[in-house]
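Student: Take a look at this one; I'll ask things after.
The values are calculated or read from the model by the stated rules, or taken from the named source; none is laboratory data. This structure is a prediction, so every number in the text was calculated from the model and none was measured. Backbone-built Cβ (ideal geometry, glycine too); neighbour counts: all protein chains shown.
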Amino acid sequence: MCANQPDPDLELREAFGVILSLDCFSDYISAIAGLIFNDNLSKESLSKILSDHNIERAEDIKEELLDLLLVYINLILNDHIIAEKERENLGLFKIYFRIKEGDFCKLRYDDIQDIISRQFERLYTDHRIDHAEAIHTGYLQGLFELVKT
């Protein structure tokens, strides 16, 4: 590796390794997850997968892409922390997959309610929320566009 190239995102790779091992997605969603796992996601590589599966645009498989992102979100929340890099990754995925504000709420409301409820329950176990937990809560709500971040 050249000195001026960024290090690969090992946590992202590990998360998408887990996702690929689940074998619960369609062939094209698994292929997209494979692009992410191999650090090869680009407009061109995504377009090629869509074209190979006779899908005109990412919006045509938006619900499946949301499901992929929800699995990733659940994995990154295992440590109860949303790191800056994880927020950046999700922001990029939303751009690549053309996820618009309100899509999570409109199409996967029950899933995000479950995620948020589990996180709030964990936060409130000690009957107080410190500054770091408050920031985490804001980040979590921001992931689903429930508040502006």
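Student: Out of curiosity, is H136 over 19 Å from R13 (Cα atoms), at pLDDT below 75 and surrounded by fewer than 16 Cβ atoms within 10 Å (Cβ to Cβ)?
Tutor: no
Student: I've got another one for you. Pairs needed: first member in region 86-97, of a type in the set (S, T, N, Q); second member anywhere, surrounded by 17 or more Cβ atoms within 10 Å (Cβ to Cβ) and assigned to a helix (DSSP H, G or I); C-beta distance under 6 Å; at least 6 residues apart or different chains.
Tutor: What qualifies is N89/L12.
Student: Of the residues I29, I55, I82, only one is in contact (Cβ under 8 Å) with a residue 12 or more places away in the chain, under 27 Å from R118 (Cβ atoms), in contact with a helix residue (DSSP H, G or I) (Cβ under 8 Å, 6 or more places away or on another chain) and not in a helix (DSSP H, G or I); which?
Tutor: After ruling out the rest, the residue left standing is I82.
Student: Considering (1) more than 22 Å from R118 (Cα to Cα); (2) part of a helix (DSSP H, G or I); (3) under 13 Å from the mean Cα position of the chain (by Cα), say which one I73 fails and leave the rest.
Tutor: It fails just one condition, (1).
Student: Just the residues that are of a type in the set (S, T, Y) and within 21 Å of R13 (Cβ to Cβ), please, taken from region 46-75.
Tutor: Hit for region 46-75 is Y72, nothing else.
Student: While we're here: Please state which one of S42, S47 is out of contact with any Ser or Thr (no Cβ under 8 Å at 6 or more places or on another chain), exposed (fewer than 13 other Cβ atoms within 10 Å of the Cβ), of a type in the set (S, T, Y) and over 21 Å from D111 (Cβ atoms).
Tutor: Details: S47 fails: exposed (fewer than 13 other Cβ atoms within 10 Å of the Cβ).
Being out of contact with any Ser or Thr (no Cβ under 8 Å at 6 or more places or on another chain), exposed (fewer than 13 other Cβ atoms within 10 Å of the Cβ), of a type in the set (S, T, Y) and over 21 Å from D111 (Cβ atoms) holds for just one of S42, S47, which is S42.
Student: Among the residues of region 90-121, what is the count of those that are crowded, with 16+ Cβ neighbours inside 10 Å, of a type outside the set (A, V, I, L, M) and closer than 26 Å to S45 by Cα?
Tutor: Selection size over region 90-121: 6.
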